[in-house]
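The values are calculated or read from the model by the stated rules, or taken from the named source; none is laboratory data. Bear in mind that the values here come from a model prediction, so they are computed numbers and not experimental data. For neighbour counting, all protein chains shown are included, and Cβ atoms are generated from backbone atoms with ideal geometry for every residue, glycine included.
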């Protein structure tokens, strides 16, 4: 879902479309050649009429990111340190804790819900702590799953035996 846009490639496509339009190629043909919608080419033609080809340069959409690439790298380093290095009692990062960290470190406020999207863009994912007991005995667990569980597991009724929900009269 979180796919980075290729702004440079989009700009090159717009400029190529502008050159084709200037050569007299129809909007529909430009759209076909460049693999874009006709509505996009129509919008490019309107911009060219009003502003010239320069109007198609560096058109970006959406809000600019509040943290730049360097700051995101610094955030990743701080997250690697773990929450306890930042004064928290437990070793579990929450989006609320990360939002507070971002505000303390960079002076930028993010809502905790948006922090999750930001982490996804950084390539981080939600992880749950394993929470395994220190007394865990993996060999005994494997033996139980392999030997004991199959003995006590409910088995299907043999073929031909009526089920408890049978509608036939006996």
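General remarks:
- Number of the exception - residue 54 against (1) more than 23 Å from the chain's Cα centre (by Cα); (2) surrounded by 15 or more Cβ atoms within 10 Å (Cβ to Cβ); (3) at pLDDT below 90: (2)
- Matching entry among 99, 43 (being in a helix (DSSP H, G or I), within 20 Å of the chain's Cα centre (by Cα), at pLDDT 90 or above and surrounded by 13 or more Cβ atoms within 10 Å (Cβ to Cβ)): 99
- If you go through the range 122-133 and keep only what is exposed (fewer than 13 other Cβ atoms within 10 Å of the Cβ) and closer than 18 Å to residue 77 by Cα, you end up with 123, 125, 126, 127.
- Checking each residue in the range 102-124 for being at positive phi and under 12 Å from the mean Cα position of the chain (by Cα) picks out only 123.
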